[in-house]
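The values are calculated or read from the model by the stated rules, or taken from the named source; none is laboratory data. Note that the structure is a prediction, hence the values are computed from the model and not measured. Cβ coordinates were reconstructed from backbone atoms using ideal geometry, including for glycine residues, and neighbour counts include every protein chain displayed.
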Amino acid sequence: MKRKSLLTTLLIYCALVGLGLIFLVPILIMLSGSLKIDTRVLIEAGSLAGLVPEQPSLENYRDVSTRVPFIRYLVNSTLITSSIVLTGLLVNSLAGYAFARLQWPGRDALLFTVIALMIIPLEAIAVPLFYQVTLLGWRDTYLVQILPFIANAFSIYLFYSFFLDFPKELEEAARIDGAGPVRIFFSVVAPNAKPVFATVAILTFLTQWGSFLWPLLVTHSEAVRPLPLGIAAFYTLPPLQWGDIFAFGVMMIVPVLLLFMAFQRWFIRGVATTGVKG
Amino acid sequence: MAAIAFNQVSKRYDENTTALNALSLQIDDGEFIVLVGPSGCGKSTVLRLLAGLEQPSEGEIAIDDKVVNDLMPQQRNIAMVFQNYALYPHMSVRDNLAFPLRMQRMGKQAIDTRVNEIAQLLDLAELLQRRPKQLSGGQKQRVAMGRALVRDPSVFLLDEPLSNLDAKLRSQIRADIAQLQLRLRKTTIYVTHDQIEAMTLGHRVAVMNRGELQQIGTPEQLYNRPQNIFVAGFIGNPGMNIATTEVFAQNNDLHAAICGQTLHLPSAVQGYNELSQSENVGYIGVRPEAFRLSKVDGCVALKAYIAAVEYLGAESLVYFHLSSHDQAHDNTTWIARINGHVDATIDQNIEIFLDPGAIHWFNSDGSNAIFDTCQSVQPRR
């Protein structure tokens, strides 16, 4: 293979560092802003030197827990997101497996429908869905924030494409060894599909952890509202304190970073094997 | 123990793809059958149909006189070793061996005892805690055999089990499989494209091509009495030399025209009567070892010139064309297997000698012109 010249390598590195900074700088501004006194946050935001707080303080973090019920929001978000992730993994993996491996009437037509559903955004169906859950009397509950998001066309498609390439011999060996389809899935297929499970778990977690529109539509009490609505609550609580908002933001992304760090090995492998991009 | 019968079994994937066409095959209890043939000949389909991994389009498959077409794989009491072993990557060797027993809901104590027995039998005791990725190719192969044997199946299916191993290990494990089969006396069907495995392992060997059974017989029968040109060319390495011929009578003697030369056939030659009565002989077949470079009593001489010589140590392969170098000739390249070193140069004109009794004769449709069938001879055990 032809070796890249020093100049090409340098250019690639510069481009990558630049790209990295684009993603990193907002997080750094948020982190540094969360440690500043509220009056300094916007004043210093325009300069690089302002990234380092002169007198770092944890006051904004204390404010967050006194001005809004942060723990309540955190528990709600954790409950809602983990319910969607865990039940979603079960439901979508089984659906993906059924599409990839089982023969049943109407399979191809249904698969086509599932793939087509991937391009429909929530905003497009939010109003009819809202009407439906209102009829069912589900508004302002955990259920209304969980149930519509368990089955996910994109997750099903990821599982489907992974299981298509799964070595058939392992399943056939298990069939000959006496296992039925359910046992084969849980004892042979799923344990060897960790990358796709991790990928789907992280992608679902990220989407649901930051979900704003739907909870805003269907909830009104703090008892069931998730973190993104908590951060929005600051806008309605004068005075508008950016330091508190940044501190809330930092506390909100910590669980996501921890999750990613825990599963990043599987996630990267999953991205490589399922062809997920971006 | 189990006897197996395929009765007019066909497998079609669609109108244009026939993987197996009207296979009829009887396999005795405890017999070791090898299915051999080129890629895509349908040999693995036979195994998969018997295992229940695929359903036949037509025909019946019976194990011990019981039709099993509608039985699930796990209800057929068969075990299979896959080409790539299909060991469960997330399980230890012990768990891989125990898996079929757990599926039978056997007690933990009984599972441990059985797994240890099999580990002892296949020399796997040291490897029980390892994962498949920590094993060598040969060890994986043994674990796959162990997983197949552990639940004492009545039929043992092996789908090209040695093809992922290097040559040395292959010959060693080949011998191990033969010994194991001899000891356990399980009905075994072994699929391979390697004719050395076929000839050394099988009590009987079934040669397949394009979804059809070409011939089934002992290795000796296949080699010495091939039923058609395909079997003649497939069995043996190098394969049998095949060329068109015309047999004719002249002065009350039979002659054969081969590549522009005439071969006199003495009346003592095997199949003389059939040849003299047949008007349909179209091909001649000669095994490479039937040629001699020096004259031997009873042999006839043919003019030839050398195209290439390959020295293999104990023997040499001489590639030649019939006719002299300066004469017109057809492009058929013949191969002679000659003991020791051959001192010859390319394009050298030689006389090559052939025993007419060692010639195989085939009809224009490719079938053997002398032997009808080889089924009557008892298989070796």
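Filtering the range A:145-173 to residues that are touching a Pro at 6+ places or on another chain (Cβ under 9 Å) and away from chain B (no Cβ under 14 Å) leaves A:Q145, A:F162. Restrict the check to the range A:21-44 and report whether at least one residue is closer than 18 Å to A:Q145 by Cβ and touching a residue at least 12 places away in the same chain (Cβ under 8 Å). No. Only a single criterion out of (1) of a type in the set (D, E, K, R); (2) on the phi > 0 side of the Ramachandran plot; (3) away from chain A (no Cβ under 14 Å) is not satisfied by B:R183, namely (2). Of A:I184, A:I202, A:I176, all but one fail to be away from chain B (no Cβ under 14 Å) and of a type outside the set (F, W, Y); the exception is A:I202. Taking the criterion of being surrounded by 19 or more Cβ atoms within 10 Å (Cβ to Cβ) and under 15 Å from B:Q195 (Cβ atoms), the residues of the range B:212-230 that qualify are B:Q214, B:Q215, B:I216, B:G217, B:T218, B:P219, B:Q221, B:L222, B:P226, B:F230.
Within the range A:56-74, restricting attention to residues that are without any contact (Cβ under 8 Å) to a residue 40 or more places away in the chain and not in a helix (DSSP H, G or I), the residue that is farthest from A:R40 (Cα to Cα) is A:L58. Of all residues in the range A:152-184, those that are hydrophobic (A, V, I, L, M, F, W, C) and within 26 Å of A:A116 (Cα to Cα) total 9. When residues in the range B:20-57 are screened for being closer than 15 Å to B:L71 by Cα and among the charged types (D, E, K, R), 2 of them pass. Restricted to the range B:161-251, the set of strands (runs of 3 or more DSSP E) holding at least 1 residues that are within 11 Å of the chain's Cα centre (by Cα) and within 20 Å of B:G285 (Cα to Cα) comprises B:204-209, B:212-217. Criterion applied to B:L122, B:L158, B:L162, B:L149 was being out of contact with any strand residue (DSSP E or B) (no Cβ under 9 Å at 6 or more places or on another chain) and either in contact (Cβ under 8 Å) with a residue 24 or more places away in the chain or not assigned by TED's automatic domain parsing to the domain that holds B:K66 (or both), and the one residue passing it is B:L122. Exactly one residue out of A:L35, A:L19, A:L42, A:L51 is touching a helix residue (DSSP H, G or I) at 6+ places or on another chain (Cβ under 8 Å), at pLDDT 85 or above and of a type in the set (A, V, I, L, M, F, W, C): that is A:L35. Go through (1) more than 24 Å from the chain's Cα centre (by Cα); (2) surrounded by fewer than 16 Cβ atoms within 10 Å (Cβ to Cβ); (3) not assigned by TED's automatic domain parsing to the domain that holds A:P215 one by one and return the number of the condition A:L35 breaks. The failed condition is (2). Inspect the range B:120-130 for any residue being within 14 Å of chain A (Cβ to nearest Cβ) and at pLDDT 90 or above and give the result as yes or no. No - not one qualifying residue is present in the range B:120-130.
Against the list (1) buried (at least 21 other Cβ atoms within 10 Å of the Cβ); (2) in a loop (DSSP other than H, G, I, E, B); (3) more than 14 Å from every other protein chain (Cβ to nearest Cβ), the condition B:V9 fails is (2).
Looking only at residues of the range B:31-86 that are of a type in the set (S, T, Y) and within 14 Å of chain A (Cβ to nearest Cβ), we find that the one that is nearest to B:Q181 (Cα to Cα) is B:Y85.
Beta carbons closer than 6 Å, at least 6 apart along the sequence or on distinct chains, pair a first residue in the range A:177-192 that is assigned by TED's automatic domain parsing to the domain that holds A:G96 with a second that is part of a helix (DSSP H, G or I) and of a type in the set (D, E, K, R) for A:I184/A:E171. Evaluate the range A:191-198: report whether one residue or more is buried (at least 19 other Cβ atoms within 10 Å of the Cβ), within 14 Å of chain B (Cβ to nearest Cβ) and aliphatic (A, V, I, L, M). Checking the range A:191-198: at least one residue is buried (at least 19 other Cβ atoms within 10 Å of the Cβ), within 14 Å of chain B (Cβ to nearest Cβ) and aliphatic (A, V, I, L, M).
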